[in-house]
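Every number in this text was worked out from the coordinates using simple rules, so none of it is lab data. Note that the structure is a prediction, hence the values are computed from the model and not measured. Cβ placement follows ideal geometry from the backbone for every residue including glycine, while neighbour counts extend to all protein chains displayed.
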Amino acid sequence: MPDVADFDLNRIDLEYIRDPYPTLRALRERSPVHRNADGSVFLTRHADVLKVYQSRAMLSDKTEEFGKKFGQCPLHTHHTTSLVFNDPPYHTVVRKLLASAFTPRKLAVFEGLIEGIVERLLDRVEEKGELDLIEDFAKVLPTEIISFMLGIPPEYRQKLRGYSLAILGALDPVVPPERIRAGNEAVVEFTEILSDIIDHRRRNREGAMEGEVLESLIFGEVDGKRLNDEELMQNCIFLLNAGHETTTSLVGNSVGILLKNPDEHRRLIADPGLITTAVEEFLRVESPLQQGNRLAGEEIDLGDVVLPKGTYIHTSIAAANRDPAVFADPDRVDLSRSPNKHLAFATGIHVCLGATLARVEGRIAVGGLVKRFPRLAANGPATMVPLARFRGYASLPVRVR
């Protein structure tokens, strides 16, 4: 087991990113409330992470922290304006506006849309026989869904994952200057595209399709407040980030897990009805979002330690999801695991708005792939996205016959 006495989240390397789980296990067992050199703490127990997420005294606003990290730049503007790094009352207003995209009626629209997209993708997969699952399958589905939600024209869609990775990559604990530069460029370029789209929708409100969320964000009002132009564009970028990279990784990670666990793969082939609990297990074992953050707005008692007000807290979702206090034999993949109290979507007031949609996408995409191609197999070495906060494949070569 790794020695974690000198572990510092702000000095992690590619070896940790490649396989963080042995280190996270050691931290959970030996230093579950681990102090980093900068005074922040890293939590790895399920109970502690859950308590932080459920506490309304834990703040998501990162204006000061991101000011130190980014300076005044487009990344700072984006990450301090979007929903995820804000608190009530602003968070409440934006969340209510975004929630209009995830009503049962609109989710029913999305389910039909997803089924059609996946069916077309599966036809293309069959034609290819060999493919990169990420490039040719996993990233296409969320690209189409997000484009539908935001009214993004086809000519821009190939750029969306690049934008998302660049912007999200700047949130890692260790960020080289070139990644900061790429993130800033992505915010600027995507903002310019969104500005044109928003201007067009304002002039053509009647052109909105059922299920499109952009109209609600532009014209919606909560307690007399509408989003200003900056808030509008930055929360559209947030929707891209929240719904694109994580869904791509959910689908890619799910297939990766099946390829590494052939017995469970065969179980799912034999019993397609397992797909609902299987998606929950995929989310637990390889959560696309590995880590979150909070600032303690007041002291918080974790039982064996009390963190004072002002403590900057890193929450390890990846470690919490493999805590043996909650999950029996946590490193084993069990597609029928129930209950499965993973924290892949966090919880509390910042619980993922798109959790139901993500589950539908995972169920239809992975379930359809496994059912149609029972001979699905690896076809060469895979590569991971080199990020610590988010976990997913950059490439995953497979063959289906």
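Read phi for every residue in region 309-316 and hand back ³J(HN,Hα) as whole Hz from Karplus 6.51 cos²θ - 1.76 cosθ + 1.60, θ = phi - 60°, with x for Gly and Pro.
Whole-Hz 3J(HN,Hα) from phi for region 309-316: 3, x, 5, 8, 10, 9, 9, 8.
Which value, in debye to the nearest 20, describes the size of the charge dipole of the chain about its Cα centre when Lys and Arg Cβ atoms bear +1, Asp and Glu Cβ atoms bear -1, and nothing else is charged? Each step should come with its number before you reach the end.
Numbers: 50 positive and 57 negative charges, 119 e Å.
The calculation lands at about 580 debye.
Find the lysine pairs in the chain meeting two conditions, Cα atoms under 19 Å apart and a separation of 8 or more places or different chains, and report how many there are.
Taking the chain as the scope, the lysine pair count is 9.
Let me have the relative contact order for the chain, percent, based on Cα pairs under 8 Å that are six or more residues apart.
Numbers: 620 pairs, mean separation 100.6, N = 401.
RCO, the chain: 25 percent.
Which trypsin sites (Lys or Arg not before Pro) in region 301-336 pass both tests, a DSSP loop state and at most 14 other beta-carbon atoms within 10 Å? The partial results should precede the final answer.
Values: sites: Lys309, Arg322, Arg332; in loops: Lys309, Arg322, Arg332.
For trypsin sites (Lys or Arg not before Pro) across region 301-336 that sit outside H, G, I, E and B with at most 14 neighbouring Cβ atoms in 10 Å, the list reads Lys309, Arg332.
Rank Gly256, Gly39, Gly367 by mean-square fluctuation in a GNM of the chain with C-alpha springs under 10 angstrom and give only the top-ranked residue.
With Cα springs under 10 Å in the chain, the top fluctuation among Gly256, Gly39, Gly367 is at Gly39.
Would you mind ranking Arg294, Arg30, Arg203 by Cβ crowding within 10 Å, fewest neighbours first? List each step's numbers first, then the result.
Numbers: Arg294 24, Arg30 15, Arg203 8.
Going from sparsest to densest Cβ surroundings: Arg203, Arg30, Arg294.
Rounded to the nearest 500 deg cm²/dmol, what is the calculated helix-only ellipticity per residue at 222 nm for the chain, with -39500 (n - 2.57) per DSSP H run of length n ≥ 4? Write down the numbers at each step before the final one.
Working: 17 runs with 202 residues, N = 401.
Calculated from helices alone, the mean residue ellipticity at 222 nm is -15500 deg cm²/dmol.
Helix by helix through the chain, keep the DSSP H runs that span 18 Å or more along the axis on Cα and average at least 0.0 on Kyte-Doolittle, and give those back in order.
Values: long enough: 104-128 (35 Å, -0.13); 177-203 (40 Å, -0.63); 229-243 (21 Å, 0.23); 245-260 (22 Å, 0.56); 355-372 (25 Å, 0.41).
Going by DSSP H runs, the hits are 229-243, 245-260, 355-372.
Measure out, as a whole number of angstrom, how far apart the alpha-carbon centroids of region 7-30 and region 93-142 sit.
That distance is 33 Å.
Give me D for the chain in µm² s⁻¹, whole number, from Stokes-Einstein with Rh from the Kirkwood sum over alpha-carbon pairs, 25 °C and 0.890 mPa s. Don't skip to the answer; put the middle values down first.
Details: Rh = 21.8 Å.
D = 113 µm²/s.
For region 115-170, rounded, prolate or oblate, judged on the Cα gyration tensor with a ≥ b ≥ c (square roots of eigenvalues), a/c < 1.5 rounded, else prolate if a/b > b/c?
On the way: a/c = 2.56, a/b = 1.46, b/c = 1.75.
The shape class here is oblate.
Could you tell me which of rounded, prolate or oblate describes region 189-242, using a ≥ b ≥ c as the square roots of the eigenvalues of the alpha-carbon gyration tensor, with rounded for a/c under 1.5 and, failing that, prolate when a/b is larger than b/c and oblate otherwise? Could the numbers behind the result be given before it?
On the way: a/c = 1.41, a/b = 1.09, b/c = 1.29.
Rounded, since a/c falls under 1.5.
Using only C-alpha positions, report the orientation-averaged shadow area of the convex hull of region 241-389, nm², one decimal.
Numbers: hull surface 40.6 nm².
Mean projected area for region 241-389: 10.2 nm², to one decimal.
Considering the convex hull of the alpha carbon atoms of region 325-375, report its projected area averaged over all viewing directions, in nm², one decimal.
Values: hull surface 19.7 nm².
Mean projected area of the Cα convex hull: 4.9 nm².
Quick check on region 109-258: take the gyration tensor over C-alpha atoms, sort the square-rooted eigenvalues as a ≥ b ≥ c, and tell me if it's rounded (a/c under 1.5), prolate or oblate. Show your work: numbers first, answer last.
Working: a/c = 2.10, a/b = 1.25, b/c = 1.68.
Judged from the Cα gyration tensor, region 109-258 comes out oblate (a/c at least 1.5, b/c at or above a/b).
If every alpha-carbon in region 1-95 counts as one equal scatterer, what log10 I(q)/I(0) does Debye give at q = 0.16, 0.20, 0.25 1/Å?
For the requested q values the scattering log ratios are -0.88, -1.10, -1.20.
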